[in-house]
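Participant: Here it is, the structure in full.
Derivation of every value follows stated rules applied to the coordinates shown; laboratory data play no part. Treat the numbers as computed from the prediction; the structure is a model and nothing was measured. Neighbour counts run over all protein chains shown; Cβ positions are idealised from the backbone, glycine included.
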Amino acid sequence: MSNRKLLHLSRRQVIRGLLATTAFGITARFGTGCSSAEGGGGATDQVTMGFIYVGPKDDYGYNQAHAEGAAGVVESFDWVKIVEEASVPETTAVEESMRSMIDIDGATVLFPTSFGYFDPHILKLAEEYPDVQFFHCGGLYQEGTHPVNVASYFGYIDEAQYIAGIVAAHTSKTGKLGFIGAKPIPQVLRNINSFTLGARSVKPEVTTQAIFTGDWALPVKEAEAANSMADQGIDVLTCHVDSPKVVMETAEKRGIFSSGYHADQTALAPKGYLTGAEWDWTSVYSKIAEDIHAGKNLMDGSIPHILRGGLAEGFWKLSEYGPAVSEQAKQDAEAAKAAFMDGSMVIYNGEIKDNTGAVVVEASQSLKQQDPVLEQMNYLVEGVIGSVAS
Amino acid sequence: MATEALGWWGVPLAIAAGMMRGGTPFLFVSLGECLTEKSGKINLGLEGTLLMGAMSAYAISYLTGSPWLGVIAAGLAGVIFGLIHGWLSQQPRVNDVAVGIAMIIFGSGIAFFLGKPFIQPSAPQLATINLGAWSSLPPVQSALQISPLFLLGVAIAPLMHWFFQSTRWGLFIRAVGDSPEAARAMGVSIFKVRMLSVVAGSFLAGIGGASLSLYYPGLWSERVSSGQGLMAVALVIFAHWNPIQCLWASLLFGGAQALGPALQSVGIEQGYYLFNAAPYVLTLLIMIITCSPKRTLSGAPGALGTDT
Amino acid sequence: MVAHRKTLESICIPVGALAFSLVLFGAFCAAAGANPFGVYASIWKAAFGSWSTFQNTLIRASPLMLSALCTALPARLGLVIIGNEGALVVGGLGAVAAGLALSTAPPTVVQIGMALAGMAAGGLWIGAVGALRHYRAVNETISSLLMNYIAIALLNHLVGGPMRDPSSLNKPSTYPIAEINMLGSIPGTRIHYGLIYGLIACAIAYFLIQRTTFGFAARTAGGNIRAARIAGLPVGKLTMAICFLAGSCAGLAGMVEVAAVHGRANESLNANYGYGGILVAFIARHNPLAAALVSIMLGGILASGGILQRSHNLPDATVLVFQGLVFLVVLFSESLYGKFAIFKEPIVKAPSAPAVTAVV
């Protein structure tokens, strides 16, 4: 840094900055005449749906599952048009993205798919655009407090984790299972707990080690966690992070079993892959699209504000069983699947203790999947080694 | 597959393994940065180079089936980025820190853009050298699966030290970094020396990227580096611009990445965010202890951070 | 007239640089299979085309202005500080702590308290960098970079544990500050008051640096520390004062994020405004007024990121490439001053006008 810039600086810099901004616009203007193809037109009954993802669309995980769901809807119905934006942070940026989708692209239905978009961003926009319907993934809609054009949808994918737990317990030789989570939040805790309860339903002595990496995508930490668990004699790994690829591949390298999440990861671990909990957003999004096409909406209540579902409602599916899964394990898994299908299965059936010994579900209680209490889970059940404190 | 539990022994083992696996990218990037900074320029853009290296290595390995071609491609990608940085940061009135940050954005943008089709497929990985065959314990065997890239890095560190101390070219680089006027008097072209240093440093950083995508964690994703390229800049200062100490520092930083998960796996559950920040706190503390206004940091290139 | 050609030069070079980077980006888009002219039109439409979309640009620009000052002010002392992200994060944490502690006071008091707390937290954070620089000669670029990571870890730790609101279910956050204590929007717009704060801060910083003895002392010390010491300037105090001010600007940006956008502190505070701010400061050559304008330009680029995906099927990384190209070319253009004969004052009649591409 020298002192030569001290003089002659102010005016030049300011003019420069000013012009930079205007020129930016003017040069861009040259192109204005050339593109009128976008937007506008289309059939009268066309539905424009906007999808917003927090990360890249192709992460082999959370965002990809949603993006594939969106693509599935376009394939099924020719009256659906989608607009998509990926890598939108949970700041004012998402508000502006939603606004552009509505104002510029004419979207009337929005699917902002990251949990953190909900409060305050979606709530703010929903008040501003009462005619646009906002479907948010994972949040909890509160009747009366939140605008009527907002809905929240999520699947009981912990049912799939329960079945994966059954398969894992049958396959494990050491009786030690491992779960790599991003953060100790209810959605993750519920998966860990259901996985463990499933495992302990067939072998009560099985334990699950939980490790939290601290963030949704930290490949090096996830690989370290997987290796540490393998070192501790854990022989089945599953996870709840944005992109499970590294966990599956590390497990395969270490010669232990793995159970997938978000999407089908069989190809990553041909020997050790047992099964996996996969989202089926295509069926969910298609259902919503059809409802809207049929003239239903959130505002008059013809589409419910809380959309939840499990296997029976088509929110999730199970990966094909891998080669290491025994007949006995398959039988038990299929039996549980059938029980989920006919609604007779209740995972959180008292008495359930947490791993500090406190009772979290009373003996008299039987918490059905739809129970909102389960969406506020803040404990790890007996049999999980780990802590919810960060 | 009967694995025995290691208990508390798992922590030192995980750290030792983490040093070698997770330390490799740090090693290459820090050696590259060390070379660059010795010539008097700083290259914060190595984060972008690391990502570009990781992406190109994975893509080429997948497309050709040869991971070593991937490593070469990563190095070449590094060379291209190095040329841009080396040329741009030596223009008059252009600050190298600013160019570095612009290169992080540009480099990661290009890597993400071109890398989209390669997130899903599995590319052939570099074969490892298994030194753990003597042990019957699978964890030990796994920890001793050493990457040839790690060995290469370990070999380059003393070589670079020797290069700086005992060769004519090493002297030129140090002269250019320490006092450009003296170097100019010696008849050395400052532009050329810095250009070559930046390009060679960037080449090494590209190889570091290859170690991320072809060895550990062994995949291409947009979050694969999570700031390791930027960290390497701090690491060089931690190592006092000494390539051999870069090696130790890289091992330390690599091991630190394994600390949080390893402690959780033996039951220390809380404060993992703080454990994850341990390397940064440690570097800062060491800087505070070893720096002093009375003398300059030993090994610090005199022209670093100046506009000369 | 002496000044005219210089003025013309300072207009033509950045405009030319922008135009050239747009051409490069157009070529990139064409290579990626998109119509470059369509892309230009979309960028224009999404960033500056109407008052509504221009508000989008301004909203994105406002945190960048404050964040840029965190680099621009210390640069006057010759310090390269890149700890903007960290200062912003601790500023946000400080603001939320104050907002919660003062929750029973009248809204104006709470808002002032939050702003002061955010500024103090950010100021102390970067002030510490300045103190380390002065007393221990610790390289400020590296220490501020490290402090970023420490701040983010601190945020995650506090938000996930000690400061967590148990009802913030799937996105750990602190307790929210009351709705009534939030900063609103500028009347008639959807732009929050952060923009006004940013503009005022830039103006004050400009005045402070260019028009006061304090600023003069700082600039002198930045030119030559040893000379400044001999002249009797309190270099240590200057360093810490400037660093404190710089940090408090970024801290204020954190406060605005908390008080005008999120209403609470969580991981969304860490949204890369810091690194954007560093670039803005360098592009503006550390002039606070220019920083405000460059922020708007970067805001425009960011605002156009969405439409590139929606209308042109370009992947999300395209906007990064765009940003990178613009910044690299504009940084390069700095070196072109004085290289074009046409901008030389005619009296000089330079006998050996250097070639355009000459390398020094």
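Participant: Mind pulling the angle between the C-alpha long axis of helix B:67-88 and the longest principal axis of chain B? Nearest 10 degrees, somewhere in 0 to 90.
Facilitator: In chain B, helix B:67-88 runs at an angle near 30 degrees to the longest axis.
Participant: Pull up the DSSP beta bridges for chain A and report the antiparallel fraction as a percent, rounded to 5.
Facilitator: Numbers: 8 of 47 bridges.
Rounded to the nearest five, the antiparallel share is 15 percent.
Participant: With a 10 Å Cβ neighbour count serving as the proxy for reagent exposure, in which order, fewest first, do C:Val294, C:Val159 appear?
Facilitator: On the way: C:Val294 30, C:Val159 25.
Sorted ascending by nearby Cβ count, the order is C:Val159, C:Val294.
Participant: Suppose R0 equals 51 Å. What FRET efficiency, 1/(1 + (r/R0)^6) with r the Cβ-Cβ distance, do A:Glu327 and B:Ser66 give to the nearest 0.05?
Facilitator: It comes out at approximately 0.75.
Participant: In degrees between 0 and 90, to the nearest 10, how far off the longest principal axis of chain B does helix B:96-115 point, with axes built from Cα atoms?
Facilitator: 40
Participant: Oh, and also: Return the whole-Å distance between the Cα centroid of region A:285-356 and the Cα centroid of region C:194-252.
Facilitator: So the two Cα centres are separated by 61 Å.
Participant: Calculated FRET efficiency, B:Gln165 and C:Ala341, Cβ-Cβ r, R0 56 Å, to nearest 0.05?
Facilitator: FRET efficiency, B:Gln165 to C:Ala341: 0.75.
Participant: Below 25 Å, Cα to Cα, which lysines can A:Lys296 reach? Residues fewer than 8 away in the same chain don't count.
Facilitator: Partners found: A:Lys81, A:Lys124, A:Lys287.
Participant: Based on other C-beta atoms within 10 Å, arrange A:Thr207, C:Thr7, A:Thr238, C:Thr213 from fewest to most.
Facilitator: Listed from fewest to most nearby Cβ atoms, that is C:Thr213, C:Thr7, A:Thr207, A:Thr238.
Participant: Taking 7 Å along the Cα-to-C-beta vector as the label spot, tell me the A:Trp79-A:Lys296 distance in nanometres, rounded to one decimal.
Facilitator: In this crude spin-label approximation the distance works out to 1.5 nm.
Participant: Want the number for C:Ile225 to C:Thr212: 0.36 nm per residue separation, take away the alpha-carbon distance, what's left?
Facilitator: 2.8 nm
Participant: Rank these for me by crowding, B:Ser39, A:Ser259, A:Ser302, A:Ser201, going from fewest to most other beta carbons within 10 Å. Let's see the in-between values first.
Facilitator: On the way: B:Ser39 28, A:Ser259 33, A:Ser302 12, A:Ser201 16.
Arranged by neighbour count, lowest to highest, B:Ser39, A:Ser259, A:Ser302, A:Ser201 become A:Ser302, A:Ser201, B:Ser39, A:Ser259.
Participant: Need one number: nm distance between label points at A:Asp103 and B:His240, each 7 Å from Cα along Cα→Cβ, rounded to one decimal.
Facilitator: Spacing of the two 7 Å Cα→Cβ label points: 5.9 nm.
Participant: Take chain A, mark every one of the GluC sites (Glu not before Pro) that falls in a DSSP loop and has at most 14 other Cβ within 10 Å, then report the longest stretch left between them, sites excluded.
Facilitator: A:1-142
Participant: Calculate how steeply helix A:92-103 sits against the longest principal axis of the alpha-carbon atoms of chain A, using the helix alpha-carbon long axis, and give the answer as 0 to 90 degrees to the nearest 10.
Facilitator: For A:92-103 against chain A, the angle is about 70 degrees.
Participant: Ok, one more. In region A:295-325, whose amide N lies under 14 Å from the spot 7 Å out along Cα-to-Cβ of A:Asp342? List them in ranges.
Facilitator: None, by backbone N distance to the label point.
Participant: Antiparallel DSSP bridges in the protein assembly as shown: what percent, to the nearest 5? Kindly include the intermediate steps, with their values, before the conclusion.
Facilitator: Working: 14 of 53 bridges.
Here the share of antiparallel DSSP bridges comes out near 25 percent.
Participant: Taking springs between alpha-carbon atoms closer than 10 angstrom, which of C:Ala128, C:Ala32, C:Ala281 fluctuates most in the Gaussian network model of chain C?
Facilitator: Checking each option, the largest mean-square fluctuation is seen for C:Ala32.
Participant: Under 8 Å for C-alpha pairs, at least 6 residues apart: give me the relative contact order for region B:217-308, rounded to a whole percent. Walk me through the intermediate numbers first.
Facilitator: On the way: 39 pairs, mean separation 26.3, N = 92.
Once normalised by length, the contact order is 29 percent.
Participant: Give me the number: length gained by fully extending B:Ile286 to B:Val79, i.e. 0.36 nm times residue separation minus the C-alpha to C-alpha distance, one decimal in nm. Please report the intermediate quantities before stating the final value.
Facilitator: Values: separation 207, 0.36 × 207 = 74.52 nm, distance 3.23 nm.
Computed gain between B:Ile286 and B:Val79 is 71.3 nm.
Participant: Still on this structure, I have one more. May I ask you to list the lysines whose Cα is less than 17 Å away from that of C:Lys344, ignoring any residue fewer than eight positions away on the same chain?
Facilitator: C:Lys6
Participant: How long is the gain from A:Thr356 to A:Glu143 if the chain were fully straight, where each residue apart is worth 0.36 nm and the alpha carbon distance is subtracted?
Facilitator: Gain on extension, A:Thr356 to A:Glu143, equals 73.2 nm.
Participant: May I ask you to derive the relative contact order of chain B, considering only C-alpha pairs under 8 Å and at least 6 residues apart, and to give it as an integer percent?
Facilitator: 37 percent.
Participant: Take the alpha carbon atoms of region B:75-141, find their center, do the same for region B:145-209, and report the distance between the two centers in whole angstrom.
Facilitator: Using only Cα atoms, the two centres lie 18 Å from each other.
Participant: Right, next: Could you work out the mean count of beta carbons from other protein chains within 10 Å of each residue's beta carbon in C:293-303?
Facilitator: If you average over the peptide's residues, the count of other-chain Cβ atoms is 4.
Participant: State which helices in chain C qualify, where a helix is a whole DSSP H run, it must extend 20 Å or more along its own axis by its Cα atoms, and its mean Kyte-Doolittle hydropathy must be at least 1.0. Spell out each step's value before the answer.
Facilitator: Numbers: long enough: C:2-31 (44 Å, 1.37); C:51-75 (35 Å, 0.71); C:84-101 (25 Å, 1.33); C:107-136 (42 Å, 0.83); C:140-160 (29 Å, 1.17); C:194-211 (24 Å, 1.59); C:235-256 (31 Å, 1.64); C:288-303 (22 Å, 2.14); C:318-333 (22 Å, 2.45).
The answer, listed by residue number, is C:2-31, C:84-101, C:140-160, C:194-211, C:235-256, C:288-303, C:318-333.
Participant: I've got another one for you. Under 8 Å for C-alpha pairs, at least 6 residues apart: give me the relative contact order for region C:67-294, rounded to a whole percent. Write out the running numbers ahead of the final one.
Facilitator: Details: 445 pairs, mean separation 97.4, N = 228.
Relative contact order, region C:67-294: 43 percent.
Participant: Follow-up. From the phi of every residue in region B:49-59, what ³J(HN,Hα) in whole Hz does the Karplus formula 6.51 cos²θ - 1.76 cosθ + 1.60 yield, where θ is phi - 60° and glycine or proline is x?
Facilitator: The phi angles translate into 5, 4, 5, 5, x, 4, 5, 5, 4, 5, 5 Hz.
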